[in-house]
1. Restricting to bridges with both residues inside chain B, how much of the DSSP beta-bridge set is antiparallel, in percent to the nearest 5?
2. At a 10 Å Cβ-Cβ cut-off, how would you order B:100, A:307, fewest neighbours first?
3. Kindly give Rg over Rh for chain A, based on alpha-carbon atoms, with the Kirkwood expression for the hydrodynamic radius.
4. If you take all C-alpha pairs in segment A:135-270, what percent of them are over 27 Å apart?
5. How much of the DSSP bridge set in the protein assembly as shown is antiparallel, in percent, rounded to the nearest 5?
6. Expressed as a whole percent, how much of the Cα-Cα distance distribution for segment B:1-126 exceeds 18 Å?
7. How long are the three semi-axes of the equivalent ellipsoid for the protein assembly as shown, computed from the Cα gyration tensor as the root of 5 times each eigenvalue, in whole Å, largest first?
8. Which FRET efficiency, nearest 0.05, do residue B:59 and residue A:70 yield, Cβ-Cβ r, R0 51 Å?
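Since every read-out is calculated from the coordinates, none of them should be taken as a lab result. Quantities reported herein were computed from a predicted structural model and do not represent experimental measurements. Ideal geometry is used to build each Cβ from the backbone, glycine not excepted, and the neighbour counts take in all protein chains shown.
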């Protein structure tokens with residue numbers, strides 16, 4: 001539960017974890033809009049396996065916070081039907097490794113309902129799921145396959161990186177009139193803490209956020225990998241390298257202009273993501289920089305990513321994920337170009 | 001004592017049965033007591049007219065496809081009674097979730113013939129019905145609309161609206177998890193939804209005996225906790241009666257129902273298919289004796305509420321209506337190319353707006 005912390009301005013603001021921020025946003029959205037419905041496996045009395053929906057069933061009743069049968073395709077398909085009928089469903093998939101039965105519904109229905117009916121029916125749904133590795137979970141609980149989702153026209157793909165952005169972006173996703181897949185960085189659920197005022201203020205979708213200003217290199221990342229990326233920026237700063245850190249936040253559609261204007265300033269672009277390299281979303285950013293920002297580059301666009309192998313289970317997973325050292329090493333190499 | 005107990009049979013914990021409904025025999029004679037609505041001659045004639053219109057419309061659509069003026073098309077030949085009979089029992093405010101062969105239901109509910117032609121002619125505007133605005137468009141990925149039907153019914157329940165979702169699919173769809181997952185959920189919450197499986201015996205080239213080991217598709221509802229009924233799907237009176245019962249029960253809060261309409265696809269799967277590759281002409285010929293239009297016509301003629309003159313008038317009327325729709329369809333120009341970006345999002349993100357401008361020929365400065 002929220003703890004009170006003294007912020008830099010000396011006032012008290014509740015400090016919450018990322019998963020608590022998700023819970024606050026869900027509660028706020030349900031309070032504000034009676035058409036918001038939360039559904040998924042164990043989201044009711046159990047409050048979700050990560051407690052993201054804790055207390056919601058008690059507050060809003062079992063009709064609006066409903067435990068579904070154990071069927072992921074069903075959860076996504078129910079969301080489509082509910083949304084076309086004017087509800088605002090927020091479905092939870094317990095882990096990203098279980099989202100694949102939903103792909104048929106996302107590709108064939110959710111993302112195209114508005115377009116194929118020329119606006120007659122729409123699909124204002126959110127599908128939330130924990131994303132990524134690093135919590136020593138069992139097999140199939142550590143995937144980061146966001147690029148597959150970002151390839152689907154008509155969809156939005158959003159990934160917060162802090163309690164503040166989880167709260168603001170989830171509110172925005174629920175209020176958005178189109179389908180959003182909301183990927184929550186699992187290993188930050190409890191590790192990330194921040195001050196969140198439950199004021200109902202959303203953050204903008206389709207916008208990247210500059211987390212730290214810098215002049216020598218742009219480091220673009222999203223979700224949990226931003227933790228290592230910002231730590232690497234600290235390390236580099238001690239060595240006299242000034243790194244700008246961009247949190248992509250919305251992957252589909254992604255904010256090309258913020259990335260390009262940062263690269264125009266620094267002349268160097270390093271992309272960091274936990275997902276496997278081939279066809280990862282970093283490739284999309286690299287292509288954009290090559291197409292629209294080549295003239296400002298001093299150094300080749302570079303990626304630090306997960307490897308093109310199956311994400312290993314607990315004993316090796318830390319070697320798979322981009323480490324502070326890999327990120328810092330790649331950044332130093334880029335800074336040798338001038 | 002102990003050996004006596006061991007020899008006892010295991011106790012039965014549940015028993016189930018599946019019933020079959022039929023009203024008219026293939027020759028149009030009455031095989032079972034008719035439902036109450038059968039005394040309404042105007043309704044019977046309306047059902048008959050709709051089936052005839054659908055058959056003529058299909059014939060015209062195939063002719064358009066063969067002459068390059070329509071895309072791939074799925075005819076309803078032989079199974080007209082199902083879509084027409086089901087839709088006839090729905091209220092306007094109910095929601096239909098059709099498969100791609102349920103043209104008859106759309107037409108009954110007020111979708112314009114030229115809208116259906118536009119869809120099959122490759123134009124999304126065909127799904128922008130002026131008619132039943134809450135109905136779902138044709139579902140092409142088989143059975144994937146079943147979870148939507150459960151979601152729609154859940155919304156009705158949540159808002160306390162006395163409305164029913166009606167989800168139609170074919171025999172092949174009953175093999176998919178989508179359909180079972182949706183039925184299972186509907187059973188848990190006793191949702192106001194009716195699932196209709198048109199069992200036309202063939203899923204393209206795969207016969208029903210390779211689709212399931214069950215004696216009926218109706219019994220699949222039992223596993224989801226509600227009633228499934230098998231109906232003679234070439235008997236529009238039986239279909240309408242089954243649909244009336246199921247929809248009324250769903251509306252009254254008695255939960256979902258499942259209707260298996262057993263009929264036969266007399267035509268090819270679509271205009272891209274040649275059914276002679278996988279089934280014999282003799283088999284098809286035998287099923288022509290059961291087809292729904294001749295069956296109801298025999299009944300109406302026997303009842304002296306339909307005549308040869310009526311038939312000729314109807315044919316002329318339907319032809320005129322279809323021809324007029326075809327004219328309007330053919331006169332509809334394609335949309336400007338850049339409109340493929342319209343209705344992609346409520347508000348088109350700038351990054352795609354740039355692509356839209358590029359497609360339209362206005363390049364970024």
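1. Numbers: 3 of 28 bridges.
So the antiparallel bridges in chain B amount to around 10 percent.
2. Numbers: B:100 19, A:307 14.
Ranking B:100, A:307 by Cβ neighbours within 10 Å, fewest first, gives A:307, B:100.
3. Numbers: Rg = 19.7 Å, Rh = 20.3 Å.
The Rg/Rh ratio comes out at 0.97.
4. 22 percent
5. Details: 15 of 74 bridges.
Antiparallel bridges: around 20 percent, rounded to the nearest 5.
6. Numbers: 5131 of 7875 pairs.
That fraction is 65 percent.
7. On the way: eigenvalues 582, 185, 95 Å².
The equivalent ellipsoid of the protein assembly as shown has semi-axes of 54, 30, 22 Å.
8. On the way: r = 47 Å, r/R0 = 0.92.
It comes to 0.60.
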